[in-house]
Amino acid sequence: MIRDLSETLQALLTQPGLPPELAAAVLNFDRPQDPFNPPQTTVDVFLFDIRERVDLRFTEYEITKTNQQATLSRPPLRVVCSYLITAWPVGEPDLAFAEHRLLSQVLQLLSRFPLIPDAFLQGSLIGQEPPVQLQIAHPDDMRNAAEFWAAVGNRLRASIVAAATITMPIFPDETYPVVISDDKAIQQTNVPGSTAELFRIGGHVTDAANLPVAGAAVLIVERGRTTTTDSAGVFILSALPAGSFTLRVTFGATTKDVPITIPAPVGSNYDVQLT
């Protein structure tokens, strides 16, 4: 995904219609350490920092229900990747002024895109929600440039920091049964020829903010059957007969009783929200 971001920046910085100096420059993603002497005019885009944007962290799970299945999407990371952009002109009569022109053109170009347009997105970033944010030359991007250049073994040089924020999934989606997942017909050994139909049910337990509740106790009161929810707030109870029962969910000091029917009527489920 980070490589996709670098290729996205490459697409931005090599698009048609650029000023002649920027269009003729070679785009490089190498570390600008000493010696750094590109053979022709170069714009270097060096990825120097990757960190989570804690202030943008998602806290809610997303649950999508289709065809009696519930798909649970866990919160992704919001990650900011910071690139140091420098200009390295070659063969110009005044190298300093040529460097300044290139940096100006890069700054003007990237500042147009607080959100990177879909046309430039590459790979896993295509269609990403929320859109990829791009912040250019923010005052807090690099507090001590001299230390950075000392760390890469080169001399202080004018630079621009481009910080892009992407959404990085860290868990695959999980799918669970919303209501009945299957039923069993069991022959009773004491009554030849008779059968009893047993069912397995499943549901989710969430809190008042619709977040999954892990470790909640789930009980079918009339049958004494009990289980606990997993880390995604999911529970499953098996070998239950048809009928009307009380589903009791307990978490800490909170208990909620919900009347249920097995098998579930069309349009209903066994989800419980604790309030």
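The values are calculated or read from the model by the stated rules, or taken from the named source; none is laboratory data. Quick caveat, the model's predicted, so the values are computed rather than measured. Reconstructed Cβ throughout: ideal geometry from the backbone, glycine too, with neighbour counts over all protein chains shown.
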Scan the range 196-218 and give yes if some residue there is farther than 17 Å from THR275 by Cα and either touching a helix residue (DSSP H, G or I) at 6+ places or on another chain (Cβ under 9 Å) or modelled with pLDDT of 90 or more (or both), otherwise no.
-> no
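Rundown of residues vs (1) β-branched (Val, Ile, Thr); (2) closer than 24 Å to GLU174 by Cβ, yes/no style:
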{"residue": "THR228", "(1), (2)": "yes, yes"}
{"residue": "VAL234", "(1), (2)": "yes, yes"}
{"residue": "SER244", "(1), (2)": "no, no"}
{"residue": "ALA253", "(1), (2)": "no, no"}
{"residue": "THR261", "(1), (2)": "yes, no"}
{"residue": "GLY267", "(1), (2)": "no, yes"}
{"residue": "GLN273", "(1), (2)": "no, yes"}
Could you count how many residues in the range 212-223 are assigned to a strand (DSSP E or B) and among the aliphatic types (A, V, I, L, M)?
-> 4
Failed condition for CYS81, given (1) surrounded by 11 or more Cβ atoms within 10 Å (Cβ to Cβ); (2) assigned to a helix (DSSP H, G or I) = (2)
Filter the range 258-275 down to residues that are at pLDDT 85 or above and among the β-branched types (Val, Ile, Thr) and give me whichever is nearest to HIS204 (Cα to Cα).
-> VAL272
Looking across the range 1-31 at residues that are in a helix (DSSP H, G or I) and of a type in the set (Asp, Glu), the single one that is farthest from VAL106 (Cα to Cα) is ASP4
If we take the range 224-275, then strands (runs of 3 or more DSSP E) inside it with 2 or more residues that are within 26 Å of GLU62 (Cβ to Cβ) and touching a Gly at 6+ places or on another chain (Cβ under 7 Å) are 234-241
From the list ASP44, ASP34, ASP49, pick out the single residue that is under 14 Å from GLN105 (Cα atoms) and either modelled with pLDDT under 95 or in contact with an Asp or Glu (Cβ under 9 Å, 6 or more places away or on another chain) (or both).
-> ASP44
Picked from the range 150-174 (must be of a type in the set (Gly, Ala, Ser) and in a strand (DSSP E or B)), the residue nearest to ARG3 (Cα to Cα) is ALA164
